[in-house]
């Protein structure tokens, strides 16, 4: 997942010179993110319940190659308490459906996700069903381990990915990715920096990028505003997100600078739109 470019402000803020009508007046729920990069434009749109819980996340990507348009739709289904029971994911290329996935959650007695299963192709009864186990220390998620299934009846085979979380007081300071491929483990560090203001968005998962670092599904909300995220080595292969905020406390603009294995850099801009 990626990030956004925007400029916003309410009409009461007379000093603001940006396109007020493009960004709403309430700034309560994130409605859209637009990511403009060298490869194309990705538009994320969001729908919510009357109580403000996410129901649909739609990602439409128009590549610079106009013959390639991809669409990913995540539909959230909730139980009686409002927590996510399952998520249906569909993927299409140029209007043709290519994949259907389903993600199921099991909760602990403390209403935290303890276990999840992703059915890689819900149209195929024999498709693999990978799983994840979540470990907590009190209220803090400290580790998520992903297991890769060998066949449709196997949920606990090889651990191929481990994600460890470290905290600074109440905010996540680091996420350590450990991916095992062909017996070799590749470790990548993601670091997060915040300001001292109270976080404006009730759910910050979409700001974390890279599959939301496992927070989108858990609807993780940081205590303070995220101002910078770095994945990997900034001077080598990696990515850096930098966020800018409005006086009302909402992120309105972000940049994503990506460095590939050859050292070449590219910059994407991200815009946030609210209701």
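Quick note: the coordinates plus some simple rules give every number you see, no bench work behind them. Note that this is a predicted model, so its numbers are computed, not measured.
Some notes on this structure:
- Cα shape, region 102-151, gyration tensor, a/c 1.5 rule: prolate
- Region 70-184: radius of gyration and largest Cα-Cα distance (Dmax), Å: 15.9, 47
- Look at where the Cα atoms of region 93-127 and of region 221-275 average out, and the two centres are 28 Å apart.
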